[in-house]
Amino acid sequence: MKLHQIWLTDFRSHADLSLTFSEGLTAVIGPNGSGKTNLLEAIGVLSRLRSFRGVSNDRLLRREQPRAIVRAQGERDGRDVLIELELSSGRSTVFVNKQRLPRNRDLLGALRVTVFAPDDLSLLKDGPSVRREYLDDLLIALDTRNDAVIADYARVVKQRNTLLKQAKGRLDDAAELTLDVYDTQLSALGERLTYLREHVLSALMPRVANAYTMLAGTECSVVASYRRSWEGDGMLEAVQEARAQDLARSTTSMGPHRDEVSLRIDEFDSRTEASQGEQRTLALALRFAGHELVTEHVKEPPLLLLDDVLSELDEARATALLTNLPVGQTLITSATELPASVRPDAIVRFPIINLTTLDTEPDQVVEVLTDG
Ligand SMILES: Nc1ncnc2c1ncn2[C@@H]1O[C@H](COP(=O)(O)OP(=O)(O)O)[C@@H](O)[C@H]1O
Ligand SMILES: [Mg+2]
C-alpha cells in the first residue's frame, strides 16, 4: 500500500497534524522533541495495531485526552483506501473505507512497515522477548494468518497460567480435565509456532550475514541459534512432565514463550561479548534482512520508516544502508539536514504551525512566525 496522506488527532504530541507524503522519499526534519518519532509511531500503529515503542494505548493519547485518531489515505492495487483508527485507553476501533472491521486484526497486512530506530540496539541488549517479538512480527508481515497462531498461543498460555494460579498447588478433578485440554492446545499451537520461528530464522540468517558484511565492510560470520525451552519429539510430553513443577510455581515453563534466539558474531555472543558498534551493525542487519525477506515474499517493499538512523551511523554505513535497501516508499526523520547523498522527493519541517488552530488572523500569523 502507498500512503498519500495522514491525519493525527491527539496522538502523543500531535493535537492536529495533517501531512502529505511523496511516492518516494519523504524527509521529516525538525529539532529533538518536535514529534518526528511520534509520527512514525502512529504509522507503525496502523500497520501492527501496537506501538513499536512497546507501550500500551494509554501512552499514545495526547496528555489529558480520552482518545486519539490516526487516519490515513492511500492506495492499494490501484484503489483508494482510507484507514481510520480510533484509540482509547485499552481499546482500538478500526474502520476501512468507513466500514468498521469485525476484528481489528483484519487490518494486519493492509500496510506493512519496516522500522529502523535507535532503540533497535535493544534487539541485542535486552532479554529474549524482544528477539521473539522480532521473529513474530516478521511472521505476521510474511503471512497475516500467522497472527492467529501467535495470538491463540498467547491466549492459551494466559488461560493456563490463570488456572495454575487458582489451583494454588492442588488440582481438583475438574481443574485437571481443563488443564489436560489446555496442555493439548498449548502443545499443538506451541509446536506450530516453534516450527514457524525456526523456519523464518533459517531463511533470514544468510541475509543477516550478508547484510552484516555489507554494513561492516569486512567479512564476518554471523550465526543464530534458536533454543527451545523444551526437549524431545513432542511438546505435549515435555509439558506433561513439567506439570508438577508448573503447578508449584503457578506458571507455564515450557513453550515458545520461553524460547531464546541467540546470535554470534565471529563466534562471540552478540549480547554479552560484542562491542556496541557490532551490536548496532547487527541490529541494522536484522532489520535489513527482514525487510528483504518480506519484500521478496510479498513482492512489494514494506513502507520504510527510518527514524534518526543517520545520526547513529558513519557516512560509509549510512550510504551502504540507503543504497542497498529494497526501496519503495520511505520516510526518514532527522534532527539535522540530510547529507548531500540523500535526495528526498519531499521535505516536511517540524514543528508545523497549524494555522487553523491559531487564534489569529492570517496576516497576524506572519508576525507570529517572524517573531518566533
Ligand atoms: N502522550 C503524550 N502527550 C503529549 N505529548 C507527548 C506524549 N508523549 C510524548 N509527548 C511529547 O512528544 C515529544 C517527543 O516527541 P518525539 O516524536 O519523540 O520527538 P522527536 O522529534 O525527537 O522524535 C516530547 O516533547 C514529549 O513530551
Ligand atoms: Mg525521535
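Here are the numbers:
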read-out: Subset of segment 22-40 that is within 9 Å of ligand 2 (Cβ to nearest atom) and on the phi < 0 side of the Ramachandran plot - its residue that is most open to solvent (accessible area, probe 1.4 Å); value: 32
read-out: Residue within segment 254-269 that is part of a helix (DSSP H, G or I), surrounded by fewer than 17 Cβ atoms within 10 Å (Cβ to Cβ), of a type in the set (Lys, Arg) and out of contact with any Asp or Glu (no Cβ under 9 Å at 6 or more places or on another chain) present; value: no
read-out: Residue 215 in contact with a Pro (Cβ under 9 Å, 6 or more places away or on another chain) and either under 30 Å from residue 314 (Cβ atoms) or assigned by TED's automatic domain parsing to the domain that holds residue 132 (or both); value: no
read-out: Unique residue being not assigned by TED's automatic domain parsing to the domain that holds residue 201 and not in a helix (DSSP H, G or I) when the list is 321, 305; value: 305
read-out: Verdict on residue 154 being within 30 Å of residue 299 (Cβ to Cβ) and surrounded by fewer than 20 Cβ atoms within 10 Å (Cβ to Cβ); value: yes
read-out: Top-ranked residue of segment 329-345 - restricted to ones that are more than 11 Å from residue 26 (Cα to Cα) and in contact with a Pro (Cβ under 9 Å, 6 or more places away or on another chain), ranked as surrounded by the most Cβ atoms within 10 Å (Cβ to Cβ); value: 338
read-out: Residue check, residue 236 modelled with pLDDT under 90 and more than 16 Å from ligand 2 (Cβ to nearest atom); value: no
read-out: Boolean, residue 163 is surrounded by 15 or more Cβ atoms within 10 Å (Cβ to Cβ) and touching a residue at least 24 places away in the same chain (Cβ under 8 Å); value: no
read-out: Number of the condition not met by residue 217 [criteria: (1) among the small types (Gly, Ala, Ser); (2) modelled with pLDDT under 95; (3) at negative phi]; value: (3)
read-out: Unmet criterion (only one of (1) under 20 Å from the mean Cα position of the chain (by Cα); (2) away from ligand 2 (no atom under 16 Å from the Cβ)) for residue 100; value: (1)
read-out: Residue within segment 42-60 that is of a type in the set (S, T, N, Q), more than 23 Å from residue 106 (Cα to Cα) and away from ligand 2 (no atom under 16 Å from the Cβ) present; value: no
read-out: Failed condition for residue 81, given (1) in contact with a helix residue (DSSP H, G or I) (Cβ under 7 Å, 6 or more places away or on another chain); (2) open to solvent by less than 30 Å² (accessible area, probe 1.4 Å); value: (1)
read-out: Number of the exception - residue 326 against (1) in contact with a strand residue (DSSP E or B) (Cβ under 6 Å, 6 or more places away or on another chain); (2) outside any helix (DSSP H, G or I); value: (1)
read-out: Some residue of segment 186-202 being touching an Asp or Glu at 6+ places or on another chain (Cβ under 7 Å), touching a residue at least 12 places away in the same chain (Cβ under 8 Å), assigned to a helix (DSSP H, G or I) and of a type in the set (A, V, I, L, M, F, W, C); value: yes
read-out: Verdict on residue 280 being at pLDDT 90 or above, open to solvent by 10 Å² or more (accessible area, probe 1.4 Å), closer than 22 Å to residue 37 by Cα and in the same structural domain as residue 231 (by TED's automatic domain parsing); value: yes
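The values are calculated or read from the model by the stated rules, or taken from the named source; none is laboratory data. In this text, all values refer to a predicted model and were calculated from it rather than measured experimentally. Cβ sites come from the backbone with ideal geometry, for glycine too, and all protein chains shown count toward neighbours. Remember, those area values only see protein heavy atoms, side chains included, never the ligands or the DNA or RNA. Shrake-Rupley method; radii C 1.70, N 1.55, O 1.52, S 1.80 Å.
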